[in-house]
Every structure is written in structure tokens, then in C-alpha cells.
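Below is one structure, written out as C-alpha cells; the observations come after it.
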Amino acid sequence: MSAVTGVSDAMPDPAPRRVPRGWRRPLLHFIGIGVLLFGAERAALHAGWIATGTLVVTDADRLRLRQQWQQETGRVPTPDELRASLRRDLDERLLIAEALRLRLDRDDVVVQRRLSMNMAFAAGRDADGAVDAQAIADAQALQMPTRDAVTRRRLLQQMEQRLLPVVRFSDAELDAYIDAHAADYAQPPRYAFELRHFAAERGDAAARAAAQAALHTADPGDPLLIGLRQPLQARSAIVMQFGEALAQAVVEAAADHLVAGVVAADPAAGGVAVIADAVASAGAAPPRGGADTERWQGPLRTPYGWALVRVTQHQPSQPPDRAAVRNRAAAALVHEREQAGLQQRLQQRRDRYRVVGLEALP
Amino acid sequence: MKWITDNVAWQRTLLGLALLGLSACGRSPESAAGGVAPPLRQDCRNISAERQPFFGDLHIHTTYSLDANTQGTVLKPADAYRFARGEALGLQPYDANGEPTRRAQLDRPLDFAAVTDHAELFGETQICTNADEPGYDSLECRFYRAQPDNAFVVFNLFGPGFTGIPKIPVPLPALSFLSQLSPLFGDGEQILRLPYCGLNGERCLQAARTPWRDMQAAAEAAYDRSSDCAFTSFVGYEYTAAPLSNNLHRNVIFASDVVPELPPSYIDYPAPEYLWAALDEQCRSVDGCDVLTIPHNSNLSAGLMFQTRDDRGRAYTAEFAAQRQRNEPLAEIYQHKGQSECLNTMGAGAQDELCGFEVMPYNNLTGDRFGGLNTGPPMEQDFLREALKEGLRQQATLGVNPFKYGFIGSTDTHLATSGNADERNFPGHAGAGLNPRDGITGLTDVIETSPGGLAVLWAEQNTREALFAAMQRREAYATSGNRPVLRFFGGWNLPTNLCARADLVTRGYADGVPMGADLPPAPGGSTAPRFAVSVLRDPHPSAGPLQRLQIIKGWVAADGSKQERVYDVAGRRDSSAGVDLDTCEPTGDPGFASLCSVWQDPEFDAAQGAFYYARAVENPSCRWATQQCVAAKVDCSAPDSVPEGFEDCCNADFPKTIQERAWSSPIWYDAARR
């Protein structure tokens, strides 16, 4: 080694050696520089200083997307709509490019089976579901993975799965989420009511007339198999059982009482307002007249004939019942976080691709 | 429920809840007597001591059933429950982008549901459809994926199908491997699995754990345990016994989330009595487990479902009859594969024209496959009315009635579309019949298929405990998909003016017994039992009005002959109600919104045991196929113009209209208790 360095034993040592001799090997230098360059490139890629690849938007792309839009909606897209459509298309191309870069087209069983099947079909052979390596190589040479609708979709699914974050959350976070979306998870208003039923079997006109007359009498009407005193239920349930007309009358009657300020929801009673009791205890005149009998509404057509109705309880919309909405809210929370994570990761990848031609949009 | 699979933490929580107690199951025989209801959970907002009708579906298949999977169903149990609760689902066929081309949604959510995928071939399907499973590339799985239609037949034949073949006993223990190689050898107590399941089927048994756990997790996630009690799910599965395609299927419904580690299937327990014994052992009440089994499609059992001998050909004993009654309080009377109430071929039943409703023209599951070689016309003894009479006869001999069935309806959907029994929107069965996997041309299924029905349970509140108790005491009725409310009480002193009174239900419970029960012994001076039956029409705007209300009585005469009689007790037998077949609009008699009657048996003989059930019938309406034919403007007077796939619109062998209906569970009179 001394011959190589050309240092004579006779010469005095000019300075203490700072670098061990082994470190001076060119191979090591070569590797070191290589590592540095690789690291720099990764860092630059990650920071978006240089591009992983280039996506080019051509006039042909614009035409294709414009035609697609017209086919689906029957009209020409606005510039904003076309730009959004192009961006979606670019995202798809970006994900496909990433999938190919990660060699997903070579590793995924579904893609391989599809390519084998396509090639068997092209060759006029019966597809037996087996994976044929040569057929796959041929299909890849033909760029089939990015052109076939099924493999393309599979690659997109695979990439989305890879980019989807695994979402974890605590009970406290779920509670906070429910609170933040209280309006979505609130319990709908519920109504309890009493009926006086006038059966269709009396004849339609006679049943209606009897109901009308009963507004001013104590005629209890006919029995009804599902009962004349109905428990608290949401408007949708009333519609299902008694029809739209009666449900609307119930809602309006309850609203009138609340608007008139006669009855307020009592938090101590779980927000349930017992209208008759509240009216009595408040000593206030009930709306629409005064006498109890006048609170009957109708006649109203039901699937079973005609009816008069009187609201007995009104439970205004309630805050969410956490136990009841827990599963539904968890699903929404996970979906929301997944989508946020997906978008963030997609954006990181967008930053690594150079897009040519997007700025030339009209 | 994508989040379940993605969210590890949450998934573990759900699985943990669902699997609680998995390892400790088994039901003591005395626990299943069904006489004592479990304590009710008094926490539902909506609770009624006089009980309420809850509508549901106890027969639903998803992607885990091989026959659904080979027809392109990819939806899972969680999807089936979402659908039951009112959400929309996309259905096959899927387009080139994998998007569903059809959509379905209930306009009225269900109150309860049970996903009942076929326990047999759980593991086989799981392996062949999941690339991560070790057997995915086996020859059998390649065949499964390449030719799903043929795979459906072959897998079922090699699995549950071959059990009906007499077996050659293995001559020497050293040759026991023969029973693993061929269905011809063995003792008949275990069915061969396909080779890719490995020795003793171990690989398939292991793979079956994944779907079974997912079914439990989905049921747990769907069950509303809040005071809203908006929806109840049951963990369940289908026990798919079908020796030579003769149907002995049962839906197995568990009372709680405590269930066996793997569902006892036909492959391991190849006769219903072995299933009940396995459930006694693996689902014990001391561990919080309880279960019942619901036979379905007795109409397709080729005489097997209600035969009076056991698997080894021995006549029923009182013990065996009690075992059957204890395990099977209910039977499914109507579903996609037709009704199992009655076949009007003989005796007094020949006078009952309403038995012509949705009759499958075969006597087993083979249908018209193999050119109809393995099937025949339907048989009277496969229908429940006949079975109930046979039950009375057995009771006279044994002292126990083995066929003491209440009734429910369900769909048997293989599309995960729970409770979608509406004639206006029938997407097909997707288990047998037309395969919607690759496309649908014309009618959505073969003409003989039906949209199925619903199960209705009278319970205090919508919880697993209350609904299961209703099933055990048979306080249940079946509908053909509509939602009428039907009450049926029997007693010795029911007031004759009940229909005019507001307390019909109160008096019904106080002075009598509800549907599904036994009449108490007659008090002195009673001449004949009296029945109060009341029905209120389905309130949906598309539903038809009621036409008539009937009580059907069955008994065994002193000479041992089986007898029956149908009594019209309210409404109009000679109604002019009809349908304009060009538009499906109703014509004629507008029908009734409600019908009620208090009826006393005019031919009562205290020495003869009898059963009574009610049938409420609507005015005629268009059958599902007729609705699709009208929508497609099919003109049968110009045969060349009939589009492909709509040929059966002009098939005169099938009726164009139906009369939707409800069947109450029977009330029994036991002559020995008088």
C-alpha cells in the first residue's frame, strides 16, 4: 500500500492521519456516493422537488372526457366540470402508474387470471381458470393490464386499499364524533295519539259522515284491532300504519301546541310533553278553541276507513341515544377518516408527478 | 360494512362480543321444553303486555352460501341486515366496472331477521373464493370458479347429496381409508367431503370458522340493544339435509349470541335427529344457549319430511316425537319455492280451491334438472295440513304429537335481500332457478318461483328474548309477503259479541288462548270451542283489500281416516273482485278493510282431537311475472313479438293472478285432556 500512496519511510509524518486507510478505497467512495445520491433522490421525490413520472393531458384526452360527459348527461360539460373530470382521470392514471411501478399487475391473482382468460380467448382456447405464465407475459407486452376494464379496476382497487389508512379510535373519540354530528343522530320527534275509528265497512260516505258528526258528540266509533291508543312513534311509523293524511294532522296538531307555548318539553320527563296534563296544570287555554273535545282533528282518511285523532304526547327531537347510534356512527367515523387519509396520501403522490397540459384547459 | 374489515380495533370489539361463550355451549334437554319464557328485558320504549306483531324474515342467504355465491352474490350478512333495516343494496349482474346493474330497497324495514347461510360447504366456498386460502388453486376450486353452474351440482352431490345412497360397510379397519375415497363405502353416519378438504374434511372445517364468525359479528352489529329496539337479529344457519335432493332442510335459529363453535351441519350429522342431539350437546341452556329448528319446503321432500319413521327406519316412539316437537315449534309454510300448506288432490281438501296458490310442480329440489328424471309431481303428505292431521294420529297412538307446527313465512332469498317479498319488485331467487350472475334477459326468474313471504311474531317488545319466546309458544303467523294484522283466539267461553267490542284482545287472552296454543280442558257444560278471529288489512297503498276470512279444521275420525273442512267465517266467497290483466288494476268488489268473526265449531266431537287455523285472503292481484310481463308490454296474441326471456308470460300452466294471504298458527284441541 505504501507504494500506492508514495509515502517514504524516511520522510517525517506531516500530520496525524484523520481517516483510516481502509476508508480511502475507491469502491467505498463509489458506494458512499451512490447511497448519498439515492437518499437525495428519495428525499427530493418525497418533497416533490423532482417528479416520479409525467402525466400528459392531450387534446385526445379532453375530447374523450367531453364525449363521455355528453353520453352520460346529454349536455356539454362546463370548463369547471371538464377540469374536474380531467383531474379524476389523472388520479386514475396516477394510481395505475403507481400500481405498475409496484408490480401489482404481476403479483395479483385476479389480474393474472383475467389476463390468462383474455389471452385464451384471443387464441380461441377454452379458459380453464388456470394461470398461464407465458400468456401473462404476452398480455403485459400488449399493455393489457392498463387497458382491460377488469384488470384496470382491480389495480385501482388494490391501490386504494394500499392507500387506505387503518383507522383506530377510542370510545371518547366516538362520543366526540356523535356530539359533533348531533343533528344527524338525534332522535326524531315522536307522537302518541288517540283515535276514533269509523270503519270502511260502514260505507265510505257513511263512515266519513259519522266521523264528522263525532267531532261534536261523544261517539267512540268502532273498535280497531291495532288499538285506539297509539304509543309514541315517529312520523314515518305513523305514515306506514295510518297513511299520510293522519300523520300530517298529528304533526301539525303537536306543532300548534308547541308554537302556542302551552306545552314545553319537560327535561325531567325525558323531554316528553303530556299535552292534556300540561294544559290542565298550566291553566292556559288550549289552542284552537278551548274545550277538550275540540282537540280532535279530522275526519281523516286512513287505510281502514275514517278517523278522528287527538295527540296525547309529543316528544320533541331528542339528543342522540349513544347506544342506539353507536354502530352507525362508528361506520361514518371510519369512513370519514379513511377518506381523509386516502386524500392525503393521494395528494402526496400527486405532488410527485409532473402534469403537462392541464394548464391549457379552456 | 366495509369499516368492520378495515378497522381492526372495532372489529375485535365486535368479534369479541359475538364470540363470547363460544367454547361453552350445549343445551340440556329439559331446558328446551319451551313452556317457560325467559325473563323479559323491560327496557324497550315500545312495550305492550297485549303483544304487538313484529314482521321479519328468518331465511336469508348471502355470499357464504355456495349456491348464492355461484350465482354471483357477493353481499355479506352485514349487507343483508342493512337491507332489512331499510338501506338500499346493489345487486348482480355487475357491469364491466364491477358496478351493480340492479338496486333493491324495502319500502318498509323489517323488525327482525336471521341470516341463515348453508352450513354445509361454508368452508368449501370460503376456500374457493379467497385467494389467501391454501386450497384456492386446487383442481376443485378451479372447477368451482370456471364453471359455477356445474360446480353447484357437483359440490352438492359430493357433499350432502350422496347420503341417500346405501353404503357398503368397510370390511376391515385397515381399509377405513376407503370411506374417505368413495361415497360408496362407510357406515352412512358421515358424508364424504371433496378431496381438497383434506383428511376428515379438516381444512374445510377450519375454513368454515371465518364465515361463521362473520355471521355472528354481523348479527351482533345489527341488533339494536338500545331502548329503541328498532331491529332484532338472530344468529342462525341452514342445516341443508337433502338425501338425493329430497328436501329435509331446517333453519336453525339461536336465542342469543351464545352459539356452538361451528354450526352442526348435515355433513357431520346426516339426519335431523342427529342434528337435535348435537344441538342438545353443543347448545346448553346452562351456558345461555337455546335454539330451535324450522323445517322449510316440506313440499319438496318427496315424502320424507313428515314420514313416521326415523333415519334407521324405526317407527316413532313417544320420546322421539317429543324430541321433534320440542325442537320444532314452527314450520315455514311459504317461501320462494312455493307454499307447503295444502295440495288439493284428495279428500275434503280437493274442495279447497285456495290450495292452488303458488304450487311448485315438483316433489323435490332437483326440479326440472336432468330432464325431470329425479323428480315427480308434488305429494299430499308433504304439505303441512296433511302433516298436522298425521300428527293428531300419532298423538292418539303415542300420546305425543311429533308434527305440532305453528306457521311462519320467509323469503329464502339468495341475494341478501331480506324480506323483499313484494310481487312488484321480485329480483329473483338466485339460489336455484335462473342465474343472474352474468345477466338477466326477460323475467327475473323461472316462472314457478315466488317472491316468498314474511314471518310475523306476537311479542311484548322487539328483543331477542321476547321474539324467541313467541317462536317457542308458536304465537306466530305467516304471510305471503303482505302485512295484514291477524289475531286468532280459541276458548270455551269467549263472548259472542267480541267483534263489536274494543277489548277483543284482552278477552282473548283472559278467556282463551292465542294462536299456537292448546285449548284448555273444557269446563263443565261446554258444548264446543269458540274461536275469535280478526284481521286488519295491510295498510300499504299498493296492498289489496281483504276478501274473506276462513277457519280450517283438521281431525282424525274414529275409523282413523284424516278429515278436514274449510269454513268461510267472514267476507265474501262469491266476490266479484278481479284484475285487469292488461294493466294489473283491480276490478269489481272493493273488498274489506277488516274482517272479524266469532265462530263455534258446528261439528265438534269431544272424542276427536282437532286443530284449527285461520286463513285471511286478499282480493286477487297480479302475480310477479304478470307485473313484469305487463311492464314489458308482452302481447301473447302475437307470439313472434314476445321478447326473449318473456316466453313464460304466455304459459297457461301458471296463474296470472294470486290472492295474497296470511295463515295463523293452529290452536289444538286434545281429546285426551277433556
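The values are calculated or read from the model by the stated rules, or taken from the named source; none is laboratory data. Just so it is clear, the structure is predicted and the values come from calculations on it, not from any experiment. Neighbour counts are summed over all protein chains in view; Cβ atoms, including those assigned to glycine, are modelled from backbone coordinates with ideal geometry. Keep in mind that these areas ignore ligands, DNA and RNA; they rest on the heavy atoms of the full protein, side chains included. Shrake-Rupley method; radii C 1.70, N 1.55, O 1.52, S 1.80 Å.
A compact table of results
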read-out	value
Unmet criterion (only one of (1) in contact with a Gly (Cβ under 6 Å, 6 or more places away or on another chain); (2) under 20 Å from B:Y669 (Cα atoms)) for B:L549	(2)
Some residue of region B:618-626 being aliphatic (A, V, I, L, M) and farther than 26 Å from B:V556 by Cα	yes
Extreme residue, farthest from A:Q158 (Cα to Cα), among residues of region A:100-121 that are open to solvent by 80 Å² or more (accessible area, probe 1.4 Å) and of a type outside the set (F, W, Y)	A:M117
Which numbered condition A:R328 fails, given (1) open to solvent by 40 Å² or more (accessible area, probe 1.4 Å); (2) within 14 Å of chain B (Cβ to nearest Cβ); (3) modelled with pLDDT under 85; (4) over 26 Å from A:V239 (Cβ atoms)	(4)
Odd one out for B:T441, checked against (1) more than 26 Å from B:D257 (Cα to Cα); (2) touching a strand residue (DSSP E or B) at 6+ places or on another chain (Cβ under 8 Å); (3) assigned by TED's automatic domain parsing to the domain that holds B:E50	(2)
Some residue of region B:204-213 being at pLDDT 90 or above, open to solvent by 40 Å² or more (accessible area, probe 1.4 Å), in a helix (DSSP H, G or I) and more than 14 Å from chain A (Cβ to nearest Cβ)	yes
Residue, farthest from B:Q52 (Cα to Cα), within region A:219-240, restricted to residues that are touching a residue at least 60 places away in the same chain (Cβ under 8 Å) and outside any strand (DSSP E or B)	A:G221
Among residues of region A:48-77, those that are open to solvent by 60 Å² or more (accessible area, probe 1.4 Å), over 24 Å from A:Y353 (Cα atoms) and not in a helix (DSSP H, G or I), counted	3
Lone unmet requirement of (1) surrounded by fewer than 22 Cβ atoms within 10 Å (Cβ to Cβ); (2) out of contact with any Leu (no Cβ under 8 Å at 6 or more places or on another chain); (3) not polar (S, T, N, Q) for B:K656	(2)
Selection count where residues are more than 16 Å from B:E465 (Cβ to Cβ), of a type in the set (F, W, Y) and either open to solvent by 20 Å² or more (accessible area, probe 1.4 Å) or in a strand (DSSP E or B) (or both), scope region B:221-268	2
Some residue of region A:284-303 being at the interface with another protein chain (Cβ under 10 Å from one of its Cβ atoms) and modelled with pLDDT of 75 or more	yes
Qualifying positions in region B:49-89 - open to solvent by less than 20 Å² (accessible area, probe 1.4 Å) and β-branched (V, I, T)	B:I60, B:T62, B:T63, B:T70, B:T73
Filter result (free of Cβ contacts under 8 Å to residues at least 40 places away in the same chain and open to solvent by 50 Å² or more (accessible area, probe 1.4 Å)) within region B:556-573	B:D559, B:D568, B:R572, B:R573
Residue, nearest to B:F488 (Cα to Cα), within region B:508-526, restricted to residues that are touching a strand residue (DSSP E or B) at 6+ places or on another chain (Cβ under 8 Å) and not aliphatic (A, V, I, L, M)	B:P514
Complete set of residues in region A:153-176 that are exposed (fewer than 13 other Cβ atoms within 10 Å of the Cβ), modelled with pLDDT of 85 or more and either at positive phi or at the interface with another protein chain (Cβ under 9 Å from one of its Cβ atoms) (or both)	A:R168, A:S170
Qualifying residue in region B:603-622 (condition: modelled with pLDDT of 95 or more, within 14 Å of chain A (Cβ to nearest Cβ), within 26 Å of B:R573 (Cβ to Cβ) and not in a strand (DSSP E or B))	yes
Pick from region A:78-99, criterion in contact with a Leu (Cβ under 9 Å, 6 or more places away or on another chain) and among the small types (G, A, S), ranking: most open to solvent (accessible area, probe 1.4 Å)	A:A97
Among residues of region B:516-569, those that are in contact with a Phe, Trp or Tyr (Cβ under 7 Å, 6 or more places away or on another chain), within 14 Å of chain A (Cβ to nearest Cβ) and among the hydrophobic types (A, V, I, L, M, F, W, C), counted	4
Residue count, region B:637-653 (criterion: more than 16 Å from B:T444 (Cβ to Cβ) and open to solvent by 60 Å² or more (accessible area, probe 1.4 Å))	6
